[in-house]
Amino acid sequence: MATKTKTTPEMRAQGRSSAFAGVVWHTVVFVLLNGALWALDARQGDAFDWAYWVTIFTGIALVFHATWYYLEQSGRQRRRYQRFLDQEQGR
């Protein structure tokens, strides 16, 4: 049996706000970290040796995080939730 938890609009809004803040912070850390690593890599020699690898993998992580946020907040998710809620309530 599934446990039903009651959420208020305020709780849902807080969750959405927290999820958005998570994506924003991830983006800020990505830019600052990779900027510093590219600067360090540039100071070490004539060519860029390793900073692009870090950027590629952290960029992939950022894309997944942003995609998850977008899909979670999209209208499809809300419609699916409403459909399941209607089924649970026997409509």
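Using +1 at the Cβ of each Lys and Arg and -1 at the Cβ of each Asp and Glu in the stretch 4-75, identify which of T8, T27, I60 lies farthest towards the dipole's positive end.
In the stretch 4-75, that residue is T8.
Got a sec? How would Y70, Y52 order by Cβ neighbour count within 10 Å, fewest to most?
Ranked by crowding around the Cβ, least crowded first: Y70, Y52.
At R78 and F48, where each label point lies 7 Å from the Cα along Cα→Cβ, what is the point-to-point distance in nanometres?
4.0 nm
Hey, got the dipole for the chain? About the Cα centre, +1 on K and R Cβ, -1 on D and E Cβ, debye to the nearest 20?
840 debye
Normalised by the residues of the stretch 18-88, what does the relative contact order come to in percent, with Cα pairs under 8 Å and at least six apart?
It rounds to 34 percent for the stretch 18-88.
Average the reciprocal distances over every distinct pair of alpha-carbons in the chain, invert the result, and give the Kirkwood radius in Å.
Roughly 16.4 Å, rounded to one decimal.
Where a number appears in this text, it was derived from the coordinates with a stated rule and is not lab data. Everything numeric here is computed off the predicted structure, so don't read it as measured data. Reconstructed Cβ throughout: ideal geometry from the backbone, glycine too, with neighbour counts over all protein chains shown.
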